[in-house]
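Heads up: the structure comes next, in structure tokens.
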Amino acid sequence: MIKKSQTIFSLRNGFTIMEIVASFSILAIVMVVVAQVASWCVHERHRNNNLFLANQAGLNILEMARGTPYEKLDDTWAKAAQDIGNYKSLPVGCEIKVSVLPSKEFKLVKNVKVVVNWKNGRVFDPAECIVETSISPRSVALKGENGGK
């Protein structure tokens, strides 16, 4: 039964305009957060991919250096090793710099340093990957007091 004090509007079932506006506002905030997280994930994947590919290219060059005879590790080898055409998976605009320098501490050791630079990404992202190793001749053996016997 309807009391005389109740109006037709109070008998309606449904949502008020304020409830709809509040729910759409919450939905919009959640959608913005999800879009921001998705954008951040895509960027981080791209950044990590650049770092991974640069690291792998640098490690490949170091493995080439380990496989090269000690006497042939020089500036000519370094210039041939930094040919970007050998690494097609690297991002566009990459540069590879390889240097072979004699060690300051040990007479028969050469230090090979590989620097991979790239220009894409945000300003505060890492833009280079540096890997280096020391290489000595294969015939160098450590001998004890008894001449290695």
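The values are calculated or read from the model by the stated rules, or taken from the named source; none is laboratory data. Since the structure is predicted, the reported quantities are computational estimates derived from the model, not experimental observations. Please note: Cβ atoms are built from the backbone with ideal geometry, for glycine as well, and neighbour counts cover all protein chains shown.
Some observations on this one:
- Leu53 assigned to a helix (DSSP H, G or I) and within 13 Å of the chain's Cα centre (by Cα): yes
- Scanning the stretch 84-109 for residues that are assigned to a loop (DSSP other than H, G, I, E, B) and either in contact (Cβ under 8 Å) with a residue 12 or more places away in the chain or surrounded by 13 or more Cβ atoms within 10 Å (Cβ to Cβ) (or both) yields a count of 11.
- Identity of the residue in the stretch 1-45, at pLDDT below 85 and in a helix (DSSP H, G or I), that ends up surrounded by the fewest Cβ atoms within 10 Å (Cβ to Cβ): Phe9
- Taken over the stretch 86-106, the residue count meeting the criterion of being more than 24 Å from Ala127 (Cβ to Cβ) and of a type in the set (Lys, Arg) is 1.
- Counted residues, the stretch 79-120 - those being under 14 Å from Asn60 (Cα atoms) and of a type in the set (S, T, N, Q): 3
- Taken over the stretch 19-76, residues that are hydrophobic (A, V, I, L, M, F, W, C) and touching a residue at least 12 places away in the same chain (Cβ under 8 Å) amount to 10.
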